[in-house]
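S.K.: I'd like to ask you about the structure that follows.
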Amino acid sequence: QASLTMGDAKVAGSEDTFEILYEMSRVLNCGLDRDTLGILISLCENGVNPEALATVVKELRRETAAIEEDESEDEDEEG
């Protein structure tokens, strides 16, 4: 018979919490995959300001979209 230690219970609780946070991010259409969400949670747990982090994520998304748009326009001009 397996018995849960306090550490096992914490890990299980942490996994449950992560699943809830992941589901919330999906419902809110945040566009975060599990790996990215895990990194963001770790950063917050280590003291990074969540609002500042959200600002950085938004800016990175804007920059990525702009780069992809530029690349798409370049391909259209070549073709």
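The values are calculated or read from the model by the stated rules, or taken from the named source; none is laboratory data. Worth saying up front: this structure is predicted, and the values here are computed from it rather than measured. Heads up, the Cβs are rebuilt from the backbone with ideal geometry, glycines too, and the neighbour counts pull from every protein chain shown. Quick note on the areas: whole protein, heavy atoms, side chains included, nothing else; ligands and nucleic acids left out. Shrake-Rupley method; radii C 1.70, N 1.55, O 1.52, S 1.80 Å.
S.K.: Please work out if A65 is more than 18 Å from I20 (Cβ to Cβ) and either outside any helix (DSSP H, G or I) or within 13 Å of the chain's Cα centre (by Cα) (or both).
M.R.: no
S.K.: Okay, next question. For region 26-55, how many residues meet the condition of being open to solvent by less than 80 Å² (accessible area, probe 1.4 Å), of a type in the set (A, V, I, L, M, F, W, C) and more than 11 Å from the chain's Cα centre (by Cα)?
M.R.: Adding up the residues that qualify gives 3.
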